[in-house]
Structures are given as C-alpha cells and as structure tokens.
1. Could you tell me how many of the residues in the range 155-172 are more than 16 Å from ligand 1 (Cβ to nearest atom) and surrounded by fewer than 17 Cβ atoms within 10 Å (Cβ to Cβ)?
2. Where residues in the range 256-280 are of a type in the set (Asp, Glu) and in contact (Cβ under 8 Å) with a residue 24 or more places away in the chain, which of them is nearest to Val72 (Cα to Cα)?
3. Which fully enclosed helices (runs of 4 or more DSSP H) of the range 212-286 have 3 or more residues being among the β-branched types (Val, Ile, Thr) and open to solvent by less than 70 Å² (accessible area, probe 1.4 Å)?
4. Tell me which residues, restricted to the range 67-77, are open to solvent by 40 Å² or more (accessible area, probe 1.4 Å), near ligand 1 (Cβ under 10 Å from one of its atoms) and either in contact (Cβ under 8 Å) with a residue 24 or more places away in the chain or within 15 Å of Tyr44 (Cα to Cα) (or both).
5. Where residues in the range 182-196 are of a type in the set (Phe, Trp, Tyr) and surrounded by fewer than 19 Cβ atoms within 10 Å (Cβ to Cβ), which of them is farthest from ligand 4 (Cβ to nearest atom)?
6. Would you kindly identify the helices (runs of 4 or more DSSP H) lying entirely within the range 145-203 that contain at least 3 residues that are farther than 16 Å from Ala236 by Cβ?
7. Among the numbered criteria (1) in a helix (DSSP H, G or I); (2) surrounded by 14 or more Cβ atoms within 10 Å (Cβ to Cβ), which single criterion is violated by Glu141?
Amino acid sequence: RAKSGGRARIDVFDGNLRRQAMTTMRTEADLRAALELGQLCLYYQPIVSLRHGGIAGFEALMRWNHPERGLVPPNDFIPLAEESGLIVPMGRWALQEATRQLVAWQLLFPRPTPLFMSVNVSSRQFRDDDLVSVVRDLLNETGIPPSSLKLELTESLLMENPAKCRALMQSIRDMDVRLSIDDFGTGYSSLAYLHSFPVDTLKIDRTFVQAVSTGEGNAAIVHVISTLATILNMDAVAEGVETEQEAEYLRDIMCQYAQGYHFARPAPAETVERLLVAETERALAS
Ligand code: C2E
Ligand code: MG
Ligand code: MG
Ligand code: MG
C-alpha cells in the first residue's frame, strides 16, 4: 500500500511538472509570437516637475495585449522574458518605439527643455553587446537630443560586475544619454560606490514615498535620498505618488520630479497626448 501511495505521489508530481513546463513553453512561444505579431504595446506615464507642476517627461511601460487574456501587466511576463532571453529583442523594440514616440511629442510640443523619455532596461539587455549600437543608431535615426533619452537600470545591476557595468554606463553617457537608477533604496548598492558610476537620476522607490502618508516605515528616507541626489549632483524622481500630502512633502523637501497616480496613470499614447494638448492650451491661456 505504501508503495502504491508513493507511486501515486510521483505521478501527481510528474504531472504537475509536465503541466508547468508546458505552460512555460506555451507562454514563451506566445511571448515570441507577441513580439512578432505586434501584440506588445507601450503605456506612458507622465513625470512631472514639482517646481511648476507641468509634464517634464515620461516613463515607457510595457504591456502585452493578449488576444485572450487582455492587457497583461509587465510583472506577469517580464520575468519570463528575462529567463528566456527574449527581453533583449523585446527591450530593443521598446527602446525604438518609445524613442519614435518621443520624436513626435518633441515636434508637437516644443519646450525650452525638451520632453524626455525614460525606458526600462533589464540587466540582461544591458549586458547585451548590442545595446550601445542600438542606442547610437536610434539617436542617428531620430535626431532627438541625446540628453532627452534616459535608461532606467536596477540597483542590483551595479553590483553584479561593477567594473564592466561602469564601463558600459560610461559609453552610454559618452553619447550624452542619461542613466537612472530605478527603485532606488530597495537594492543592495553601496552608497560608497554610487558616486563612482555615471548616474544622472535616482528614482526613489514608492515604498518610501508612500510612507509619507501611511506613517509606516520612515518617510525621512525620501528626504535622505533626495538630498543625496542633490549632493551627488543628480536628479531625484519620487515614484508612486498617490496623494496630495505626499506631493506637498516632496515639494517641501525640494525633490525635483514626481511620478504617480496622483498626477497621471500610465496610459496609451493618445491619452497622454490629450494631456499634453490640454497643458499647452492652459499655458497659452494664462
Ligand atoms: P518600474 O520601472 O518601477 O515602473 C513603475 C511601476 O509603478 C509601473 O508598474 C507603474 O504603473 C507603477 N506606478 C506608477 N505610479 C504608481 C502609483 O502611484 N501607485 C502604484 N501603486 N503604482 C504606480 P508597471 O507598469 O506594472 O511595471 C512594473 C515593472 O515592470 C516596472 O517597474 C519595470 O520594472 C518593469 N517594466 C515595465 N516595462 C518594462 C520594459 O519595457 N522593460 C523592462 N525591462 N522592464 C519593464
Ligand atoms: Mg522604471
Ligand atoms: Mg521604478
Ligand atoms: Mg518599481
């Protein structure tokens, strides 16, 4: 009896494994098809200047328009894309798409300081030899001011291979393209190291920003990171700002930029474009 019980367990186990492997395979094939069939799309979330309240730039956020599952958020497919290596062509597509969108908006909505576009780059994509030439080609093709393109890197990437990472970052910075550290404060990067990387912007993780309203955790961390950015001659962007109370705190501590539902949710290009039109009309009226 014990024997048959064990046998049954093994069968269940095998069955689960097999099903899991098949689901993975299906999704991976789906994901590959998604890229080829144009099912991936970008949402854009405005990043506002806390000084004048206007839109200064955007973060491009990937979505998968799945024929059956609907709009799939990145957390449900980016990990698989990273594992399978598909993130390299997917990320290249995002970079191209976001930059082309930026050209259009810079032409339609000219500013003394041009609108900027911030694009997430996974560590696998960053380590890919092609990244520098992909970016260089895009700059040549579109003619955007290189400083209006920002790449968002993760904090953990800095520590994986600091010397190689620093050299890669420098070759991007040499083109005058900007570099941000995403979700800053959640990883393990050493403060002593930070200044040795050519970083332009620290994006303060939303858990610290939300501590301002919830009282959980230490809201002063936002102040510390924002001040650190100033001292190191970097910009700070507060992520995940959801309330006016948080926005007010950020203005008080002189944080430069904010991003969050309080200002605008990530949205398709047409929706964001309407915001830009409305903003331009307000500026003309005043
Ligand atoms: P992230 O780069 O930190 O992006 C910010 C996330 O916070 C976005 O989630 C955005 O929708 C969300 N968010 C913005 N404002 C608020 C707010 O006020 N409250 C809350 N609760 N959330 C807010 P999303 O779009 O689901 O993206 C999740 C993550 O997926 C991103 O985090 C990024 O790590 C990754 N990702 C998205 N697009 C790409 C891409 O093109 N390439 C790569 N490699 N990763 C991407
Ligand atoms: Mg990001
Ligand atoms: Mg972030
Ligand atoms: Mg995040």
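The values are calculated or read from the model by the stated rules, or taken from the named source; none is laboratory data. These numbers come from a predicted model, not from an experiment. FYI the Cβ positions are ideal-geometry reconstructions off the backbone, even for glycines, and counts take in every protein chain you see. Quick note on the areas: whole protein, heavy atoms, side chains included, nothing else; ligands and nucleic acids left out. Shrake-Rupley method; radii C 1.70, N 1.55, O 1.52, S 1.80 Å.
1. The total comes to 9.
2. The qualifying residue nearest to Val72 (Cα to Cα) is Glu273.
3. In the range 212-286, the matching helices (runs of 4 or more DSSP H) lie at 220-231, 269-285.
4. Result: Pro73, single match.
5. Among residues in the range 182-196 that are of a type in the set (Phe, Trp, Tyr) and surrounded by fewer than 19 Cβ atoms within 10 Å (Cβ to Cβ), the one farthest from ligand 4 (Cβ to nearest atom) is Tyr193.
6. Of the helices (runs of 4 or more DSSP H) lying wholly inside the range 145-203, those with at least 3 residues that are farther than 16 Å from Ala236 by Cβ span 155-160, 162-173.
7. (2)
Conditions tested, residue by residue: (1) under 15 Å from the mean Cα position of the chain (by Cα); (2) within 15 Å of ligand 2 (Cβ to nearest atom); (3) of a type outside the set (A, V, I, L, M); (4) crowded, with 21+ Cβ neighbours inside 10 Å.
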position	(1), (2), (3), (4)
Gly54	no, no, yes, no
Asn65	no, no, yes, no
Leu80	no, no, no, no
Gly85	no, no, yes, no
Trp105	no, no, yes, yes
Thr113	no, no, yes, no
Ser123	yes, yes, yes, no
